[in-house]
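Take a look at the structure set out below.
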2 protein chains.
Amino acid sequence: MRRLEQQMTFVAEAGLLKGVLRQTMLTRPARRENSAEHSWHLAVMALALGDYAPPGTDLARVTAMLLVHDLVEVDAGDLFVYADAADQARQEAAERAAADRIFGLLPADQAASARGLWDEFEERRTAEARFARALDRLQPMLANIQADGGTWREHGITADQVLAKVALIEDGSPELGRYARDLVEQAVSDGILSPPRPVSG
Amino acid sequence: MRRLEQQMTFVAEAGLLKGVLRQTMLTRPARRENSAEHSWHLAVMALALGDYAPPGTDLARVTAMLLVHDLVEVDAGDLFVYADAADQARQEAAERAAADRIFGLLPADQAASARGLWDEFEERRTAEARFARALDRLQPMLANIQADGGTWREHGITADQVLAKVALIEDGSPELGRYARDLVEQAVSDGILSPPRPVSG
């Protein structure tokens, strides 16, 4: 019964991800997205868009990775994707500590395998991790377009900043990268995203 | 590109599940749960509690089923698990129409496979569907206990009504069924769930 109690503690703790808000604004309902529903949406995207993963990609592993990739935010919170380097470094340290604690609630064998999924996602070395990361970058772009600019407008984000993230999509899926690049171009021409900043000097 | 457009339409439509509220009350944050985050929580439970599925159960299929099982609620809404038979019959018809429409947004091959997952979950004939359904019944019980009675208290639900749902948990996983039965007993003795109603007559 000890094993089941550990697993149930983990399940209850995971549920707290429903209370972690992201920057992403939803349109219907008009409110900020939480990390639990975001993770679900990514897993649904893995089901619907698996065609665009490189041949041989293990999509069940992609899905498992997406389901757990944000669990560390229960402790560490969500950081805006365009935060500066110092904030990102602090966040990484907080997330590693959170991974130790939260995955450590599980029985040791499961803790190791869930932590392995999280490390794999973070390190972005396997095809599975790169495809999962591509979906994680694409989904907020789709939300911003639905929200007529959303966080792009709110934070004065420019097309060159978004295109730097599109590179991560291309890295996981050339087709989805091309799709995302077209979206950026369209968003600029629709006036919901500012054009690239001119290089100064 | 037509195929990708269909898939992206489905992904956007799926996102609306974030706006479908269930009866379940969350504790932190204290608000009703939506069906998207509920589906995510179930998929995380499949990862954590896979030990208790019958030997040979395909857990990746269980996960895929859990990810799509509530999508019909985008059109049909969520029905309280203790609704009466007439409401349940109306809901079933609405859900079938919703499944036709929503899964039909996908390219035909994917529409058939996603619809197949949904039908399988509803028909509850395979080990995968029965285990998925067990998790779907267990999760709101856990939430009610965390919420000191939650919807049990709010709707005056009694232990015999909850035990009828526990039978569905036992059907998918004897161990989780036993765990749920113990929870009900404990909830009655803690005074957060009314004891079984005496049989009248």
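Annotations
- In the set (1) outside any helix (DSSP H, G or I); (2) buried (at least 21 other Cβ atoms within 10 Å of the Cβ); (3) facing chain A (nearest Cβ under 7 Å), B:PRO29 fails one condition alone, (2).
- Qualifying residue in the range B:35-51 (condition: more than 7 Å from every other protein chain (Cβ to nearest Cβ), free of Cβ contacts under 8 Å to residues at least 60 places away in the same chain and not in a helix (DSSP H, G or I)): no
- Breaking point among (1) within 13 Å of chain A (Cβ to nearest Cβ); (2) charged (D, E, K, R); (3) free of Cβ contacts under 8 Å to residues at least 60 places away in the same chain; (4) open to solvent by 60 Å² or more (accessible area, probe 1.4 Å), for B:ASP70: (4)
- Those helices (runs of 4 or more DSSP H) of the range A:96-201 in which at least 2 residues are within 20 Å of A:TYR52 (Cα to Cα), charged (D, E, K, R) and in contact (Cβ under 8 Å) with a residue 24 or more places away in the chain, considering only elements entirely within it, cover A:127-146, A:159-172.
- Just one of the numbered conditions (1) out of contact with any Phe, Trp or Tyr (no Cβ under 9 Å at 6 or more places or on another chain); (2) at the interface with chain B (Cβ under 10 Å from one of its Cβ atoms); (3) open to solvent by 20 Å² or more (accessible area, probe 1.4 Å) is not true of A:GLY15: (3).
- Among (1) modelled with pLDDT of 95 or more; (2) more than 14 Å from chain A (Cβ to nearest Cβ); (3) open to solvent by less than 60 Å² (accessible area, probe 1.4 Å) - the single one B:PRO55 does not satisfy: (3)
- Considering only residues in the range B:74-95 that are not in a helix (DSSP H, G or I) and not hydrophobic (A, V, I, L, M, F, W, C), the one that is most open to solvent (accessible area, probe 1.4 Å) turns out to be B:ASP84.
- When each of B:THR9, B:THR27, B:THR63 is tested for being out of contact with any Ser or Thr (no Cβ under 8 Å at 6 or more places or on another chain), within 29 Å of B:ARG178 (Cβ to Cβ) and among the β-branched types (Val, Ile, Thr), the lone residue that passes is B:THR27.
The values are calculated or read from the model by the stated rules, or taken from the named source; none is laboratory data. Values in this document were obtained by computation on a predicted structure and should not be read as measured data. Note that each Cβ is placed from the backbone with ideal geometry, even for glycine, and that neighbours are counted across all protein chains shown. When the accessible area is computed, the model is the full protein with side chains, heavy atoms only, and any ligands, DNA or RNA have been set aside. Shrake-Rupley method; radii C 1.70, N 1.55, O 1.52, S 1.80 Å.
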